[in-house]
Amino acid sequence: MKKILITILALLFFSPIAFAATTTLVAPEQVLQGNVARVTTDSAPFLKKLVFDGKQIPVFTYNGRPRAFIGIDLVKKPGAYTLTATLTNGEVISKKITVLGREKPRVESVAIPEKLGGNTTSSQNELVASIAVADTDIKKVRTGGAITWAQKFISPLGAMTVTTPYGYGVDIGAHVLPHKGLDLKAAVGTDVRAMNRGVVKIAKEYRSYGKMVLIDHGMGIQTLYLHLSKINVREGEAVARDKIIGLSGETGYVSGPHLHLSVRIGGISIDPLQFLKLFNP
């Protein structure tokens, strides 16, 4: 029997749903903003093409099976969206996936350090402008046309202790910024390792993000490491999984030393903890 498995990780929401008469689908009917989906076919006909909400999602091969990851934006409007899969025999199957809004995020006030001008209106506006500059550079990065990795993604630190989770609001005074990543406990000088094989696309310092490394892993999958005290890689360099790419620090807009980790899929920043769960047995 034709079988397509779609697992959408959504903060422990799991329930089986029927995708088509000839296909078995395992998925939640509801997925929260900021989470990520994994689409896998494990027998012929295999997944060939996937479209979610009108956007084509790259399909790649991992562990011998076609797969695709779908990022759900933190601010994506709640509602029903169409997921359409085209199989290698030409069959097209569709399903409505409901995106649920998260609970109203907790907002934390984070003072702007004196090195960035302190809590003045001008420094608050300058911080927002500098974040826009960094985000523009990130959006300009072109992803590779094939995945660069063959093993699961790993933690960038020996242990992951979350100090600020994904999805919080950061109040800087005149603005509240969405926290589209994880803050991880890390003393200055802690080794920061590449989560998987890839190519360094950005290795530079920004006023807001501090010393930052962006690694492209191909097919729209990218990892970002912010507030480093030292960068050990250069742009264009191919890096191995677990390579020390830098040292954690407190550069840029921070209230203390830590590592900010972001994961982007198709240009969408998703919850890194949910992403890592995609590779659990």
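Derivation of every value follows stated rules applied to the coordinates shown; laboratory data play no part. Worth saying up front: this structure is predicted, and the values here are computed from it rather than measured. Cβ placement follows ideal geometry from the backbone for every residue including glycine, while neighbour counts extend to all protein chains displayed.
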Check: What is the calculated FRET efficiency for D42 to D73, with r their C-beta to C-beta distance and R₀ = 30 Å, to the nearest 0.05?
Finding: 0.60
Check: According to a simple spin-label model (label point 7 Å from Cα along Cα-to-Cβ), what is the distance in nm between Q30 and M160?
Finding: 2.5 nm
Notebook entry, point to check: Based on the mean of other beta carbon atoms within 10 Å per residue, what is the order of 98-110, 242-254, most packed first?
Noted result: 242-254, 98-110
Margin query: Which one, L127, H179, G246, is farthest towards the positive end of the dipole of region 107-277 when Lys and Arg carry +1 and Asp and Glu -1 on their Cβ?
Written below: G246
Margin query: Quick check on the chain: helices-only [θ] at 222 nm, where DSSP H runs of length 4 and up contribute -39,500 (n - 2.57) each and the sum goes over total residues. Nearest 500, please.
Written below: -3000 deg cm²/dmol
Item checked: Burial ordering of Y225, Y81, fewest other beta-carbon atoms within 10 Å first -> Y81, Y225
Checklist line | Whole-number D in µm² s⁻¹ for the chain, Kirkwood Cα-pair radius fed into Stokes-Einstein, 25 °C, 0.890 mPa s | finding: 125 µm²/s
Next item on the list: Could I have the simple spin-label model distance between N119 and K152, label points 7 Å from Cα toward Cβ, reported in nm to one decimal?
Entry: 4.3 nm
Check: In whole Å and largest first, what semi-axes does the C-alpha gyration tensor of region 34-73 yield when each eigenvalue is scaled by 5 and square-rooted?
Finding: 19, 11, 7
Margin query: List the pairs from K139/K180; K55/K77; K115/K230; K55/K180; K140/K277 whose alpha-carbon separation is above 24 Å, in the order I gave them.
Written below: K140/K277
Check: Once the Cα gyration tensor of region 149-281 is found, what semi-axes does its equivalent ellipsoid get, as square roots of 5 times the eigenvalues, in whole Å, sorted largest first?
Finding: 21, 17, 14
